[in-house]
Amino acid sequence: MSDQRDPAPYDALLLLSFGGPEGPDDVVPFLENVTRGRGIPTERLKEVGQHYFLFGGVSPINDQNRALLAALREDFAQAGLDLPVYWGNRNWAPYLADALREMVTDGRRHIAVLTTSAYASYSGCRQYRENLADALSALEAEGLPLPRVDKLRHYFNHPGFVEPMVDGVLASLAELDESVRAGAHLAFTTHSIPDSAADSSGPVEEHGAGGAYVKEHLDVAQVIVDAVREATGVEYPWRLVYQSRSGAPHIPWLEPDICDHLEELHGAGVPAAVMVPIGFVSDHMEVLYDLDTEAAAKAAELGLPVRRSATVGDDPRFAAAVRGLVLERAATEGGAVVERCALGTLGASHDLCPIGCCPARADRPAAAGADSPYA
């Protein structure tokens, strides 16, 4: 695979992300896009938007996606892979439909799609597929030719995603004072989602307590712990915890929350902690606010030394991993049997989401899956 440079049948890659406001005037309209159909009053959206206003109304995710876009283009060029890379978002400019329209106008007809979400869940996979179907429907209504879109597999356990996080944990541990380092605990964090969404995440056979969403995070955390032990000789205690909960308080969501966990660690006499945001590709708002602001303030209040390890971002190893995912899928589409890179115990994820995988909250079409209305 390392010598393969032919991306056929693909003639473009689309980087598909969440989007975020680029200034104070964008915050409420952006949140209206995110919450469309839920009937949330504008005043409530202004309250929610305070997280963004603390940072000048600008989400860091857009610049991070620009950096990743540049890293992908640089990696592809250096590897001799002739494949243009475009960028589109679900909730803010550049919008997904506009990106697909540009791609079709440029003559692109078979598109590989990389989402900035590494794990199986409704919001991390199926919802992106629904957005793709919506965008294709808009192009169809305009009389434009429809491209085929193929979403690349989940990459949560790909070495190019995991290994940079291992380095981030080692760097954070090294920053702790030697007097507390050996007794530190690792708090692996990811986005909390409703229990019901977690339980139904992944293919039907993986549904159950926590579903594929929790199982995948636990497996990646164990891989990182094993790698850290190999590098340091220390078996650091760890736990998977959650952050960024939203929604009605009476609906059960995955727990414990990172701030509650820090209180628990402090109460147990743990001398230090490293927060490891394995659920996030880059340092976007939920990392900068929920961890670097809110959780860091809780740790300071407790007198608990903490560090937050880096996300993958535009690490060259991740860019190379994306190239590998494209070429892997291209070879598979051509009928070849290829080695699929994956660490841990779960193996490589499926290419095509099967029927019943991360089921929808409502009856909406989704592209790039076994149930897609678009070939």
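Within the chain, the cysteines lacking any other cysteine Cβ closer than 4.7 Å to their own Cβ are 125, 259, 341, 358.
Using Cα atoms only, what is the angle between the long axis of helix 96-105 and the major principal axis of the chain, expressed in degrees (0 to 90) to the nearest 10? That works out to roughly 40 degrees.
Between the beta carbons of residue 140 and residue 239, assuming R0 = 35 Å, the FRET efficiency works out to 0.15 to the nearest 0.05.
Work out the charge dipole of the range 1-159 with +1 on the Cβ of Lys and Arg and -1 on the Cβ of Asp and Glu about the Cα centre, then indicate which of 111, 83, 157 is farthest towards its positive end. Value computed over the given set: 157. Looking at the chain alone, DSSP beta bridges between its own residues are antiparallel in about 5 percent of cases. With contacts taken as Cα pairs under 8 Å and at least 6 residues apart, the range 36-108 reaches a relative contact order of 14 percent. Length gained on full extension, residue 300 to residue 38, computed as 0.36 nm times the residue gap minus the Cα-Cα distance: 90.7 nm.
A Cβ-based charge dipole, computed about the Cα centre of the range 33-140 with Lys and Arg at +1 and Asp and Glu at -1, lands at about 340 debye. For the range 130-171, the list of GluC sites (Glu not before Pro) that fall in a loop by DSSP and count at most 16 other C-beta atoms within 10 angstrom reads 142.
Between 221, 321, 268, the residue with the greatest mean-square fluctuation in the GNM of the chain (Cα pairs under 10 Å linked by springs) is 268. The three principal axes of the C-alpha atoms in the range 209-267 carry coordinate ranges of 43, 31, 17 Å, sorted with the longest axis first.
Springs between Cα atoms under 10 Å define the GNM used for the chain, and in it the highest mean-square fluctuation of 151, 215, 46 occurs at 46. Label reach from residue 375 (point 7 Å along Cα→C-beta): in the range 77-110, amide nitrogens under 17 Å belong to 109-110.
For residue 210, the amide hydrogen comes within under 5 Å of the amide hydrogens of 199, counting only partners 5 or more places away or on other chains and with H modelled in the peptide plane. In this rough spin-label picture, where each label sits 7 Å from Cα along the Cβ direction, the residue 363-residue 55 distance is 3.9 nm. Using 1/(1 + (r/R0)^6) with R0 = 25 angstrom and r between the beta carbons of residue 337 and residue 222, what's the FRET efficiency to the nearest 0.05? Efficiency at R0 = 25 Å is approximately 0.30. The order of the peptides 29-39, 82-92 by mean Cβ neighbours within 10 Å, most packed first, is 82-92, 29-39.
Remark: the range 116-275 carries a charge dipole of roughly 280 debye about the Cα centre, counting +1 on each Lys and Arg Cβ and -1 on each Asp and Glu Cβ. Magnitude of the charge dipole for the chain, about its Cα centre and with charges confined to Cβ atoms of Lys, Arg (+1) and Asp, Glu (-1), is about 560 debye. Distance from the Cα centroid of the range 260-289 to that of the range 131-194 is 17 Å (rounded to whole angstrom). Rank 313, 344, 359 by how far each Cα sits towards the positive end of the charge dipole of the range 276-375 (+1 on Lys, Arg Cβ; -1 on Asp, Glu Cβ) and give me just the farthest. Going by the Cα projections, it comes out as 344.
Quick note: the coordinates plus some simple rules give every number you see, no bench work behind them. Everything quoted here is computed from the prediction, not taken from an experiment. Quick reminder, even Gly has a Cβ in these numbers, built from the backbone with ideal geometry, and neighbours come from all protein chains shown.
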